[in-house]
Amino acid sequence: MQVTHLLPSDCYAATRSIRSLVKHKANFSRSLSNPILYLSQALGLINLSSHLIQCHVNNLFLMANSSTPFIQRLFIYRLMLIQFRFLIPIFPLMVDDWSLWSNMTIFKCDYITCTIAFMISTPFHLQHAQFSSTFLDLTLPGHTPSYSCMSSHVFKACLKVLRKRHLYYLSQLMAPSGSHLISWTAYQTAYIAQLEDKRGRSLPHKWYLDIKTNTTLPGSHDQLSDHYVCPPSVTSSIVLLPGATTTQKNRHWLVTLDGNDASLFGKQLSIQPKKDTCVIVHWISDCHSSPGDIIRLRPYPGCDAHVSFPSACKYTAVQPRCTFKISLLRSMILPTNCERIRQSTLEVLSPYTWADLSITVIPYYRRLNLLPDFSSSSFVVEDDPTVAPLVDDQFLLSSPVPLPSGSHYHYYTDGSLTNLRTTEVSMGWSWVQLIPDAGYLNSVATYTHGTIRNWPSSTRAEAAAIYAALSVTPVNSTVTIYTNSQAAIDGLRLCASSSYSNSRLFYKTTNFELWASIERLIYTKSLAVSPVKVKGHDGNYWNEFADSLANSAHHSDMAPLLPAIAYTCSHPVRLVYDNVVCESNPRRLFKLHFQATFLKDLLSLKRFQFVYCLYDIDNYVVDWKLTWFTLNLSPAYDASFQASHATRHYTFKFKLFLDDLPLLEKLKVTRPNLYIDLFTCRSYCDRMEDLMHLILCSKQRSVMHQILQSYQNHLFSKLREAGELADLDPTPLLRKLSSLSCWTISSSNWSSYALIRGCLPAIFIDLFVELSIPRPSAMKVVAAIHNHFIQKLRIRIWNLRTYDKSKWEDVMNITLKLKTTLRPSNLPATSYVPFSSLSPPTHLVTSRNFEVDWIKNSMIQDLPCGRVIRYYVSIVASTLGYYAAFALNLNSCTLVVSYYTRLSIPPDFSSSLPVVNDVSASPPLLCDSSSLPSPIVLPPGSHYQYYTDGSLINLGTPAVSMGWSWVQIIPNAGYLNSVATYAHGTIRNWPSSTRAEVAAIFAALSVTPEDSIVSIYTDSQAAIDVKGHDGNYWNEFADSLANSTHHSDEAFPLPEAIISSSHTVRLVYDDVICESNPRHLFKVYYQATYMQDLLSLTRFQFNFCLTDRDDYIIGWDLTWFTLNYSPSHDASFQVHHASRHYTFKFKLFLDDLPLLEKLKITRPDLYIDLLTCRSFCNRKEDLMHLILCLK
């Protein structure tokens, strides 16, 4: 498998059966997202696609950095072959998009290209050590690759032709001016001699037409767009024709260049058209010694490049002494004074000088030399490695005091690490050179310090100090390193055995690039290094001095930074994440990357969107490490808690965390053939049963409060015990814990919902840590307390709910056999969208971890690499768009009258307005104009029995809805539970539970035949016939129907035109028919108008600043009640006191207190503008200043 590339889709198909089996064994629903299977903290199933990428990249990394020079040369050769095969003018490791080649057969068969292409989907990429990260584009300067200016399908189709013509760059098809594309006629004349077909035609190839379309301006005669224009080259006034235009009949003098770029002249003898070559008679000239003189040609007696041409006598009367074979594509016709060579011809003259011709001939000869840049192929690790670049050559580090050759150098080195796991993390290093008894103060000859970045650890800082000291040490020296780090001493001993260059396991060592550079310094400089262990912070003057230097490097502007390019070039190829060179196990880094991706996908599901709502709750930050630890912790077994109990507990805990409990809303999606959309909570509260409703259900609310209070008390007791052990007062911490919002349950309190789901806050651990409890111990304590809470939740709420649900399923004939039977394959796809009582956020929010790259931060800041990387991932806030807002659409009818006939329509007096004379007249029946189900027809005069019910939800919100339903009952008629038929629908406007009940009665009577006896069973108006929610099946069924109308697309809305046609004239507000006291409505309307005018005043504009404050919404009923409330009178608070109190209260509300700024307006003759607050703060005195005044 490690040499086989499978697409992600192939891996997904190959492991489908395994995923299904694992979900079945884990008792998870099949709809559960797959990331939970691959997370190591959950089921830990291996993802085949990510596992293959890890293996392939690891293999390629080891091949590129092999300790065998032959393998390294082979790797470079393979990259060169990829460049040639795919016509890539840049280094393959730097291609950002392989889509042009990914569908080609040669691409799919190439292991290296497939591996490099797979890495494009990750933040990782391979980089050659000799390339700087700022110069990734290795194309020739000023030249555009041909594949970047062609369509992908044309490039793929013409790849062989382009490779045969060596057309790597657009500049090979440009005119000398650099602003135009050469015409097809010029190209076929100058570049290719034979392009005609059998009929003598020469049509442009489609690759040329595609380049022309993409690079030139339409209708501009091949003028290039500004993006592709190149600066014009030096041109000559001399015009020479290309040698490719010559034929066998017209033989000319030709000029070209030889392999040493020297001029080559000759007379054409014969032509090989298929090879674009010809044979010439070689003549020479002294043009290079006298470039300003006209060219004089004379016969050449012979040279080493002579090619025997026996048939030359067929083409010339003079037997040639020296003949050459040259390319017509690189030759030009040279004008001369002699067109034919005779026996008496000893010299031939050209009217031009070489200085004039070289401007034209040399660029023409070299125009096809723009081949891909294979400069990287020169970098191959030889048997004797090159010296790594020294630091002091580039970064002005202090050099040691020079000693005689072969002397002994003594260095004290130390490292420093501060602010670990924060953005201000810093690593400092230092070395101090000692020369005992040399007259220096305390024997310190010189010293230096600096910093190093990425992969923070104290060992890395110590190694950086050793590297800096060795890099400035002369060759052939003996060095003694004094350090207090045992890890640094162990690393130096590994360098002695060449563990970082000759071992296949070097990549499994942290900081392997830095240690490899130290090993190369020791080898190339022939240094004899001996480490000596010094006890840290034990009074050693030189060690303390080095430690002070390392600490001072964090805040010193003079401390140089060790650049990554100086110590990461020991291996030919390095792995880079974003712009950070990876110095840890590549396979482990890829595993962490995919684990973070899986967790990100898991948290982007709708069931985890409550995490977004915690963004503004600073005291509830989810600690994912604690969360996963608690989920995986299994309680100990005893006589009362056996292994089977632990298994159920573990399953319930994970299903609660994943919101995968078999609640009704979940079952409606997974088994729509058994659980219809009309079912609601069985606790007689007519709510859709999801997890939030299970917590907030009125039947279990008191129990849930008791369980949460027990949870809080348990934490209190453990904190008190920790305080006694630490001899600290835990009262402030207890007060802080009790103030958390997670202890109060409500539909808008997301922290309590998160706590019950199992997403635990970091503050639980922080409180124990503040009492000197180790973090691992604190995690065990919190996990045990939370498991105890889960056990209580399962026993006291979930088990009782499961028992009630089982009884209800028995009544509905939903047997165990039906539930365990597979879902029918012919079941139509449901369009049901599961209801959720989680109210949508009022505005789009962004997670506190949005767009945070935790893997990169772990490299730079050491956010715990093996832990937090897996948990803290960026959450995409755009998934919140899943929620949709409900809008209430009011239908309106518009009468359109033709403008032309508007004056020709006389008023119609043929009929008067309808007058109600007959009391028995009834409104039109609903069944006459609708598709509402009719009742089962009985014989005339029969008895019709209906159960009716109404439902009202979201009262006082824009999403208010009223539903109605009726159920026809025919006892002992053979129908299931005597239900003959039923109907449900909605009604709008004037929401109330009574209106919903009346609408159900109206809908039932409107479809009942005439002359019938009707019995209406309803639980409205003091329970006339039926007691509501008392187990009556038909009443419960009618209640479920009424509740289901709120979210059903098939629910029938009662049209207002029918229910409001009983009176002749009706009062309408906007487009809503008024069904309340008109006098009361007009009074409310004018009161609202006055209130609007009041709040539009400038003094009340502060209300607009409260629109984005969800926690401060003004209750105007409470406000007016408080303003009009008068305290009771007594001896200390008399009537005149109450009058003053009432006046002050209203003036404060109306901002009408006689403050200076108010008096300046009302009495400007008495209060001038210069007056300010008399409290010596020189501020203008208004109401806000009165509140904020320092006095």
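The values are calculated or read from the model by the stated rules, or taken from the named source; none is laboratory data. Worth saying up front: this structure is predicted, and the values here are computed from it rather than measured. Neighbour counts run over all protein chains shown; Cβ positions are idealised from the backbone, glycine included.
Yes or no: segment 227-236 includes at least one residue that is assigned to a loop (DSSP other than H, G, I, E, B), touching an Asp or Glu at 6+ places or on another chain (Cβ under 8 Å) and either surrounded by fewer than 18 Cβ atoms within 10 Å (Cβ to Cβ) or modelled with pLDDT of 65 or more (or both).
Yes, segment 227-236 has at least one match.
Take the residues of segment 462-475 that are part of a loop (DSSP other than H, G, I, E, B) and hydrophobic (A, V, I, L, M, F, W, C): which is farthest from residue 435 (Cα to Cα)?
For segment 462-475, the residue satisfying everything is 475.
Condition check ((1) touching a Leu at 6+ places or on another chain (Cβ under 6 Å); (2) among the small types (Gly, Ala, Ser); (3) farther than 21 Å from residue 26 by Cβ) across all residues:
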| site | (1), (2), (3) |
| --- | --- |
| 570 | no, yes, yes |
| 573 | yes, no, yes |
| 629 | no, no, no |
| 644 | no, yes, no |
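Quick one: count up the residues across segment 1139-1191 that are aromatic (Phe, Trp, Tyr) and touching a residue at least 24 places away in the same chain (Cβ under 8 Å).
Total satisfying the criteria: 1.
For the subset of segment 936-965 comprising residues that are within 23 Å of residue 1008 (Cα to Cα) and of a type in the set (Gly, Ala, Ser), which member is surrounded by the fewest Cβ atoms within 10 Å (Cβ to Cβ)?
Start the filter on segment 936-965 by keeping residues that are within 23 Å of residue 1008 (Cα to Cα), which leaves 936-951, 962-965.
Subset that is of a type in the set (Gly, Ala, Ser): 941-942, 950-951, 963, 965.
Details: 941: 10, 942: 15, 950: 27, 951: 26, 963: 27, 965: 30.
It comes out as 941.
Would a scan of segment 606-613 turn up a residue that is of a type in the set (Val, Ile, Thr) and either closer than 30 Å to residue 503 by Cβ or modelled with pLDDT of 85 or more (or both)?
Among the residues of segment 606-613, not one is of a type in the set (Val, Ile, Thr) and either closer than 30 Å to residue 503 by Cβ or modelled with pLDDT of 85 or more (or both), which makes the answer no.
Looking at (1) within 52 Å of the chain's Cα centre (by Cα); (2) under 28 Å from residue 1090 (Cβ atoms), which is the only condition residue 1190 fails?
If we test residue 1190 against (1) within 52 Å of the chain's Cα centre (by Cα); (2) under 28 Å from residue 1090 (Cβ atoms), just (2) comes out false.
Would it be correct to say that residue 609 is touching a helix residue (DSSP H, G or I) at 6+ places or on another chain (Cβ under 7 Å) and in the same structural domain as residue 691 (by TED's automatic domain parsing)?
yes
Modelled with pLDDT of 85 or more, among the polar types (S, T, N, Q), in contact with a strand residue (DSSP E or B) (Cβ under 7 Å, 6 or more places away or on another chain) and within 26 Å of residue 593 (Cα to Cα): is that true of residue 58 in this structure?
no
Modelled with pLDDT under 50, among the hydrophobic types (A, V, I, L, M, F, W, C) and either closer than 30 Å to residue 636 by Cα or outside the structural domain of residue 750 (by TED's automatic domain parsing) (or both): is that true of residue 845 in this structure?
Considered against the rule, which asks whether it is modelled with pLDDT under 50, among the hydrophobic types (A, V, I, L, M, F, W, C) and either closer than 30 Å to residue 636 by Cα or outside the structural domain of residue 750 (by TED's automatic domain parsing) (or both), residue 845 comes out as yes.
So, of the residues in segment 476-497 that are assigned to a loop (DSSP other than H, G, I, E, B) and out of contact with any helix residue (DSSP H, G or I) (no Cβ under 8 Å at 6 or more places or on another chain), which turns out to be nearest to residue 544 (Cα to Cα)?
Selected residue: 477.
Taking segment 1041-1087 on its own, how many of its residues are of a type in the set (A, V, I, L, M) and touching a residue at least 24 places away in the same chain (Cβ under 8 Å)?
Total satisfying the criteria: 8.
Taking residue 764 as the residue in question, decide whether it is crowded, with 19+ Cβ neighbours inside 10 Å, part of a helix (DSSP H, G or I), on the phi < 0 side of the Ramachandran plot and free of Cβ contacts under 8 Å to residues at least 60 places away in the same chain. Quick ask: steps written out before the conclusion?
Working: crowded, with 19+ Cβ neighbours inside 10 Å: yes; part of a helix (DSSP H, G or I): yes; on the phi < 0 side of the Ramachandran plot: yes; free of Cβ contacts under 8 Å to residues at least 60 places away in the same chain: no.
No: the conditions fail for residue 764.
Right, residue 284: within 60 Å of the chain's Cα centre (by Cα) and either assigned by TED's automatic domain parsing to the domain that holds residue 242 or modelled with pLDDT of 70 or more (or both) or not?
The answer is no for residue 284.
Could you check segment 983-1014 and list, in sequence order, the residues that are charged (D, E, K, R) and in a helix (DSSP H, G or I)?
From segment 983-1014, those charged (D, E, K, R) are 988, 995, 997, 1010-1011; that's our starting set.
Selection gives 995, 997.
Which of the residues that make up segment 537-557 are outside any helix (DSSP H, G or I) and closer than 23 Å to residue 514 by Cα?
553, 554
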